[in-house]
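Asks: Have a look at this one.
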Amino acid sequence: MLCPEEPARLTVGCPSAAGRYFCTVSRGLERFLAEEVRAKLGTNEVEQISGKVFFTAETDLKQLKSLKCAERLFLLVKKLPPIQVPRYKGKGIHTIQKYVIGEPNKWLDVVSKWKCLWNIGKEHECTLEVTETGREQSTQQNDSQRRKKPKLELAVPHTTAVDVSLTGHHDLCSVNQRSTPNNVVQPPSSPAKLHNPKGESAVSCMPFRVSCRCSGKIAKKFMSQELGRAIGIALSREFGWKAELRNPMLEIYIHFNDNHCVVGIPILRLPLASRDYIKSAGLRSTVAWAMASLGDIQVGSLVLDPMCGLGTILLEAAKEWPNAYYHGIDNTAIQLQMASVNVCFAKLESNIDLTRSSVTELPLLTESIDVVVCDIPFGKKFKITQDTKAMMPCILKEMVRVLRADGTLVLLLSQELSLDIQQWQKPKSHQINEGKYAVQEDGNPLPTKQSPEAIENVKDLAAAENEHSEVKMEVLASLILKGIFPVSLGVTEAAIHKYKKISVT
C-alpha cells in the first residue's frame, strides 16, 4: 500500500542536486540539445552519442524541465561498454544480472539523488502498523485483493513495462495510471515503510519496475521482457525492493545495444517533449524548437512562418524568446483555426498574429522580416510531386523577397526536396547531364530513337525547367548556405537548411 499523492504539499527540487544525467533525443538533434544544456545549465561536461546526450550538472528540477530539445530525462545510474554474453542462455542471464547491478552503493547514491530532486523525505513517508485493527480491516477486502498481495510480496516481476523507442513520445511512468493535467508536476508515489508486529526495525520496500530495451546482437539472443524480469529479480534480492507494475514509485530504464549499456531512472512521468501549452500537436515540438534556435531570434525581431500549419514553430519560438514578434500565414482555413486555438491555449495572443494567404503572394512589404522559419509540407499527408518541386523556386523567391538583408532563413525539408535544392548549386551542364530530361544545353533533345510524342514531351519539360532556372539563380544569388542538419522524424528522415540573406547589387 502506498501513501496518497499530495502534489500541493510537495516541494519540487532541492538545491545543489549535483549528479550525472542523460536525455533521449531524436536522431540529428543531439548537437542542439548539447548546446542547450551548456547554455541553460552552465556545464561543459557534455557527451553526445546517437539518440542520447549525457551531462553532469548541479541543478534542480525546474532547470532540468527547461530543456526543450530533449525527449525524456533520466538520472544516470551507469553507462557501460557492450557486454560479451556467454553462449549458454542461463549463464548469459546470470552474467547480465551481475553486469548491470555491479556496485550496490552506486545504485543507492543515485536513488538518493532522485529522492533529493523530488524532496522525498520523512514528511512524505507513511508507516503502516500491522495491528489488530489493521488485520480486521484487511479481512474486509475482497478475495481478489487478497490474492494479489502474495504476488507483491514475492518481489518477482513477471513482465516489464512497455518497450519504447528512444525517439517516441511514450512515457514509461504513465502506464495504467490515472490521467493528470500536463501542467501539474506529478511526483512519484510516496515511499512506504512496513513494520512487523514484533516491533523489529523497519524495512524499506520501494515499489519498482524495470523497463528494458534491446537492440543489435543481444536482441537476437534475449527478449527485452526476459532480461527485464531477470534484472528485476536481481534488484529485488539485492535491495529488498518490491515489484509493482501498475503504479511503481521507482522506474528502472535499461537499454542494451552493440555500443553500450545504459541504466537510468526517469525523473518525470511525462516526457519533456510533451508540452503543456500545446493543445493540438503538429510538427514534433523538439524539432520545432531546434529550427527556432537556428533563427538567431533577437529582442524585437520580426519572425515569419509562411506555412505555419498548427503553429508549432511559432509557439516554441514565442515561449523561448518572448520579446520578439511572430506572424503566421497559411492558405488553409482549418489549419489556421486550429493554430488560433493553440495560440489562445498557450496565452500568446499578444505575441503571435495569424493571417490567411498564399505562400507565393505574401501580404508583406519587401525586406520587412528578420527571420523566416518554415516547415515545407511533406510526409504521408503531403506527398512530394513534380508540381511541388516546380513550385519551390517561386516559394523561396517570395520568402527571400520579404526577408531583410542579413536575415535568417530556416527550412525543414524532406530528403527529396533537400537533395533537389542542393542540385541548384551545381553548374547548369551538370544539372542537365544528371537530370531526368535527355536534352542539350540549347534545350533541344539529345539524338534518340524516341517517338515524336516523347520528344515533344521532353521539349515541354525542358522548357519548364528553363523557366525556373532564372528564378533559382536569383534565389541562390541572395542566399548563403550556413548549414544542413539531417534530423529524424520517426519513420521519416528530413533535413534542416539554414541560410543567410546577403545584399545583391
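Asks: Taking Ser215 as the residue in question, decide whether it is in contact with an Asp or Glu (Cβ under 9 Å, 6 or more places away or on another chain) and either open to solvent by 30 Å² or more (accessible area, probe 1.4 Å) or farther than 23 Å from Leu117 by Cβ (or both). Don't jump to the end; show me each part of the working.
Replies: Working: in contact with an Asp or Glu (Cβ under 9 Å, 6 or more places away or on another chain): yes; either open to solvent by 30 Å² or more (accessible area, probe 1.4 Å) or farther than 23 Å from Leu117 by Cβ (or both): yes.
Yes: the conditions hold for Ser215.
Asks: Okay, moving on. Just give me the residues in segment 57-102 being more than 14 Å from Gly264 (Cβ to Cβ), in contact with a Phe, Trp or Tyr (Cβ under 8 Å, 6 or more places away or on another chain) and at pLDDT 95 or above, in sequence order.
Replies: Correct list: Lys68, Cys69.
Asks: Determine whether segment 316-333 contains at least one residue that is surrounded by fewer than 22 Cβ atoms within 10 Å (Cβ to Cβ), in contact with a Gly (Cβ under 9 Å, 6 or more places away or on another chain) and in a strand (DSSP E or B).
Replies: Yes; the residues of segment 316-333 include at least one that is surrounded by fewer than 22 Cβ atoms within 10 Å (Cβ to Cβ), in contact with a Gly (Cβ under 9 Å, 6 or more places away or on another chain) and in a strand (DSSP E or B).
Asks: Residue under question is Met291, and the condition is that it be more than 21 Å from Leu348 (Cβ to Cβ) and either free of Cβ contacts under 8 Å to residues at least 60 places away in the same chain or crowded, with 17+ Cβ neighbours inside 10 Å (or both); does it hold?
Replies: no
Asks: Which members of segment 34-54 meet the condition of being buried (at least 20 other Cβ atoms within 10 Å of the Cβ), out of contact with any helix residue (DSSP H, G or I) (no Cβ under 6 Å at 6 or more places or on another chain) and in a strand (DSSP E or B)?
Replies: Of everything in segment 34-54, those that are buried (at least 20 other Cβ atoms within 10 Å of the Cβ), out of contact with any helix residue (DSSP H, G or I) (no Cβ under 6 Å at 6 or more places or on another chain) and in a strand (DSSP E or B) turn out to be Lys52, Phe54.
Asks: Would you pick out the residues in segment 231-242 that are open to solvent by less than 10 Å² (accessible area, probe 1.4 Å) and aliphatic (A, V, I, L, M)?
Replies: Within segment 231-242, Ile231, Leu235 meet the criteria.
Asks: Here's a follow-up. Of the residues that sit in segment 371-405 and are among the hydrophobic types (A, V, I, L, M, F, W, C) and modelled with pLDDT under 85, which one is farthest from Leu314 (Cα to Cα)?
Replies: Ala390
Asks: With respect to the numbered conditions (1) touching an Asp or Glu at 6+ places or on another chain (Cβ under 9 Å); (2) modelled with pLDDT under 90, which one is the sole condition not fulfilled by Arg275?
Replies: Answer for Arg275: the failing condition is (2).
Asks: Would you check which residues across segment 218-229 are of a type in the set (A, V, I, L, M, F, W, C) and either assigned to a strand (DSSP E or B) or crowded, with 22+ Cβ neighbours inside 10 Å (or both) and list them?
Replies: Selection gives Leu227 alone.
Asks: Looking for something over 15 Å from Cys261 (Cα atoms) and either in contact (Cβ under 8 Å) with a residue 24 or more places away in the chain or open to solvent by 60 Å² or more (accessible area, probe 1.4 Å) (or both) - is there at least one such residue anywhere in segment 74-83?
Replies: Within segment 74-83, none of the residues are over 15 Å from Cys261 (Cα atoms) and either in contact (Cβ under 8 Å) with a residue 24 or more places away in the chain or open to solvent by 60 Å² or more (accessible area, probe 1.4 Å) (or both).
Let's see how each residue does on (1) within 15 Å of the chain's Cα centre (by Cα); (2) at positive phi; (3) basic (Lys, Arg):
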| residue | (1), (2), (3) |
| --- | --- |
| Ala18 | no, no, no |
| Ser26 | yes, no, no |
| Arg38 | no, no, yes |
| Val46 | no, no, no |
| Thr56 | no, no, no |
| Leu64 | yes, no, no |
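Asks: Only one of these conditions is not met by Ile297: (1) over 24 Å from the mean Cα position of the chain (by Cα); (2) modelled with pLDDT of 95 or more; (3) buried (at least 16 other Cβ atoms within 10 Å of the Cβ). Which number is it?
Replies: (1)
Asks: Just to be sure, is Ser189 at pLDDT 90 or above, open to solvent by less than 40 Å² (accessible area, probe 1.4 Å) and in contact with a Cys (Cβ under 8 Å, 6 or more places away or on another chain)?
Replies: Taking the combined requirement at face value, the residue does not satisfy it.
The values are calculated or read from the model by the stated rules, or taken from the named source; none is laboratory data. What you are looking at is a predicted structure, and each value in this text was computed from that prediction instead of being measured. Counting neighbours? That spans all protein chains shown, and the Cβs are built from the backbone with ideal geometry, glycine included. Areas reflect the complete protein model, heavy atoms only, side chains present, ligands, DNA and RNA absent. Shrake-Rupley method; radii C 1.70, N 1.55, O 1.52, S 1.80 Å.
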